[in-house]
1. In the list E213, E248, which residue meets the criterion of being at negative phi, surrounded by 12 or more Cβ atoms within 10 Å (Cβ to Cβ) and without any contact (Cβ under 8 Å) to a residue 40 or more places away in the chain?
2. Among the residues of segment 151-168, which ones are over 22 Å from N39 (Cα atoms) and in contact (Cβ under 8 Å) with a residue 24 or more places away in the chain?
3. The conditions are (1) surrounded by fewer than 12 Cβ atoms within 10 Å (Cβ to Cβ); (2) among the small types (G, A, S); (3) modelled with pLDDT of 85 or more, and S232 fails exactly one of them. Which is it?
4. State whether one or more residues within segment 7-20 are surrounded by 17 or more Cβ atoms within 10 Å (Cβ to Cβ), modelled with pLDDT of 90 or more and closer than 19 Å to T143 by Cα.
5. Which residue pairs have Cβ atoms closer than 6 Å, lie 6 or more positions apart in sequence or on different chains, and pair a first residue in segment 95-123 that is more than 30 Å from E54 (Cα to Cα) with a second residue that is part of a loop (DSSP other than H, G, I, E, B) and basic (K, R)?
6. Quick one: what pairs do we get from segment 183-197, first residue among the aromatic types (F, W, Y), second surrounded by 10 or more Cβ atoms within 10 Å (Cβ to Cβ), C-beta under 7 Å, 6+ apart or different chains?
7. Which of the residues belonging to segment 134-161 are out of contact with any Lys or Arg (no Cβ under 7 Å at 6 or more places or on another chain), closer than 22 Å to G75 by Cα and surrounded by 16 or more Cβ atoms within 10 Å (Cβ to Cβ)?
8. Evaluate the following for A220: is it assigned to a loop (DSSP other than H, G, I, E, B), closer than 27 Å to L72 by Cα and at pLDDT below 80?
Amino acid sequence: MRIVVLIKEVPDSAAKPSLNIETGLTVRQETDNAIDEINERALEAALRLAEKSENSEVALLSLSPASGEAVLRRGLAIGADSATHICDPLLVGADLGLTARALSASLQTTEFDLVIAGNSSSDSGTGAIPFMLSEILGIPCVTGLSSLEHVDSQSFLATRNTETNVETLKVAYPAIVTITESFPECRHPNFKGILAAKKKPLQAHNLSDLGLEINPEAVAYSVVLSASQRPSRAAGVKIVDSGSAAKELAHFLMSKGLLDRG
């Protein structure tokens with residue numbers, strides 16, 4: 001069984017990256033970057049699946065700048081067998097459509113049984129890429145999973161929590177799944193794994209390698225037209241109860257459209 005884990009390089013959660021007003025993009029060079037935490041959980045899920053099935057391989061796939069190689073090396077040190085890094089100057093600031101096209105083109109160059117992704121990234125939070133890959137590749141996408149278990153070479157079992165129920169699903173390979181924070185945290189790389197990661201295969205592909213011809217003047221389907229810094233937070237309204245606080249509060253809520261005047 002071959003499992004592909006989608007890895008995203010994101011700014012360290014402890015940092016507060018700024019916004020480039022001209023491009024509308026996050027200035028990632030100001031912070032240390034890391035594997036998104038939900039992707040680490042996805043990697044742990046893949047490793048546990050691989051440990052319970054024979055002849056299994058865990059491969060990483062990431063679309064990121066050159067700095068993303070370090071993130072992939074960490075994933076290899078944790079236990080993945082190989083990695084593919086999609087890196088091209090034309091992909092700087094790529095929108096969801098272009099990102100999905102590039103990732104799907106890479107997936108189409110190799111055989112796989114399962115693609116595991118996080119349910120939503122910590123930097124953009126769209127959660128749309130797995131659905132888009134499913135549409136492009138023509139394979140099912142099962143989302144929001146709380147557990148994942150290999151059954152045989154044809155299918156796997158998964159559970160998903162809804163507001164009222166716990167669903168148990170049986171899904172045929174190949175498929176794409178997204179996991180939630182219900183999955184265990186990822187293991188840490190040990191010294192042996194760090195040394196081994198240096199020798200594991202890490203392929204670098206640009207858009208030309210993937211057979212994608214992109215017009216540099218019209219790279220993305222959508223572009224940022226304008227961006228501005230969020231205004232500084234203003235001081236709140238303070239109401240001191242001198243016998244009319246309830247009336248003042250009601251007027252304040254009505255002024256904000258939070259309370260019906262009727």
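The values are calculated or read from the model by the stated rules, or taken from the named source; none is laboratory data. Quantities reported herein were computed from a predicted structural model and do not represent experimental measurements. As a convention, Cβ positions derive from the backbone with ideal geometry for all residues, glycine included, and neighbour counts pool all protein chains shown.
1. Working: E213 fails: surrounded by 12 or more Cβ atoms within 10 Å (Cβ to Cβ).
When all the criteria are applied, what remains is E248.
2. Initially, segment 151-168 is screened for residues over 22 Å from N39 (Cα atoms), giving 151-155, 163-168.
S153 - this is the single residue of segment 151-168 that is over 22 Å from N39 (Cα atoms) and in contact (Cβ under 8 Å) with a residue 24 or more places away in the chain.
3. With respect to (1) surrounded by fewer than 12 Cβ atoms within 10 Å (Cβ to Cβ); (2) among the small types (G, A, S); (3) modelled with pLDDT of 85 or more, S232 is out only on (3).
4. yes
5. Every condition considered, the pairs that remain are S121/K8.
6. Close Cβ pairs (under 7 Å, with a partner that is surrounded by 10 or more Cβ atoms within 10 Å (Cβ to Cβ)) amount to F183/R41; F183/E44; F183/A45.
7. S147, L148
8. Against the criterion (assigned to a loop (DSSP other than H, G, I, E, B), closer than 27 Å to L72 by Cα and at pLDDT below 80), A220 qualifies.
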